[in-house]
Each structure stands twice: as C-alpha cells, then as structure tokens.
1. List the cysteines in the chain whose Cβ has no other cysteine Cβ under 4.7 Å from it.
2. On the accessible surface of the chain, probed at 1.4 Å, how many percent belong to carbon and sulfur atoms?
3. As a check on your grasp of the helix formula, calculate [θ] at 222 nm for the chain: sum -39500 (n - 2.57) over DSSP H runs of n ≥ 4, divide by the residue count, round to the nearest 500.
4. Measuring from centroid to centroid over Cα atoms, what is the spacing of region 106-130 and region 25-40 in Å?
5. Looking at region 2-126, I'd like the Rg to Rh ratio, where Rg is from alpha-carbon atoms and Rh is Kirkwood's inverse mean 1/r.
6. Under a 1.4 Å probe, what is the accessible area of region 3-93 per residue, stated in Å²?
Amino acid sequence: MNEELYDKARDAAANAYAPYSNFHVGAVVVADDGRVFEGCNVENAAYGSGICAEGNAISSAAASGVRKIDTVVIACLDAGECYPCGNCRQLMREFSVDTVVVQDGSGALRVHSFDEILPHSFGPDSLGDG
Ligand SMILES: [Zn+2]
C-alpha cells in the first residue's frame, strides 16, 4: 500500500509549482476514515510564503473536514531523501499523524513513527487548562 501511495505522491510532485527552487515535492495524506488527499509544493516570488507539499495536502484534508490523519507519504523528484521541514512536522502533530513514509534515496521507502519524526513534540493536547 505504501508503494501505491508513494507513486501517487510522485505524481503530485510532477505537478509541483517550483520555478524558483526546482525542488519538486509531492505528498499524500491518508485520513483516519481512509480518504486520500494530495498536495505539491507551490512557490511564489516572495520565497518565504511558498506552500510545502505536506502542508498543501494536510490543508486540503482539513478543508474536507479531516481532523485526524493516519499516514503522510512524501516523494521528491530532485533529491535522494526527502524529509518534512519543521513547520510541516508541527502541522502533522496538529492532526495527530501516526506514520510518515519517505524515500531513502535508493528506491526504498522508510517508514517512521511520528515520534521519530518529531520527538518530545508539543501539540493541542499539550495545552493545559490555564
Ligand atoms: Zn514543509
């Protein structure tokens, strides 16, 4: 199943809008109800305000009402390894992601628990009552 999702993430990466970085990333998220959402990175001339593939896919899922994501699969066309940035790791935490799958550069996939991706994380359940 991860291979199929990875292929779908690669397809999304092919649609990345990355004229500045030429770094094409795609992501697929699987919601807890089984629905699948895709995203690609979308850059703009104000470099810092571009959107990551993972954030794009998670935002798409959120717009469809998803609040719990089981798996995020990330593919990159222009690098061997492709791990999520810090912002996306924190965004994944918000949606209680369980598993993150990334390419390892040799054609194989690495499957990580979320705690491996962002240990000792802080999220909505970390907030106290005051
Ligand atoms: Zn990111």
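1. Within the chain, the cysteines lacking a partner Cβ under 4.7 Å are Cys40, Cys52, Cys85, Cys88.
2. Taking all protein chains in place, the chain shows 49 percent carbon and sulfur surface.
3. -8000 deg cm²/dmol
4. Going from one Cα centre to the other spans 17 Å.
5. That ratio equals 0.94.
6. Per residue, region 3-93 has 47 Å² of solvent-accessible surface.
The values are calculated or read from the model by the stated rules, or taken from the named source; none is laboratory data. Remember, it's a predicted structure, so these values are computed and weren't measured experimentally. Neighbour counts run over all protein chains shown; Cβ positions are idealised from the backbone, glycine included. Accessible surface is based on the protein model in full, side chains and every heavy atom, while ligands, DNA and RNA are left aside. Shrake-Rupley method; radii C 1.70, N 1.55, O 1.52, S 1.80 Å.
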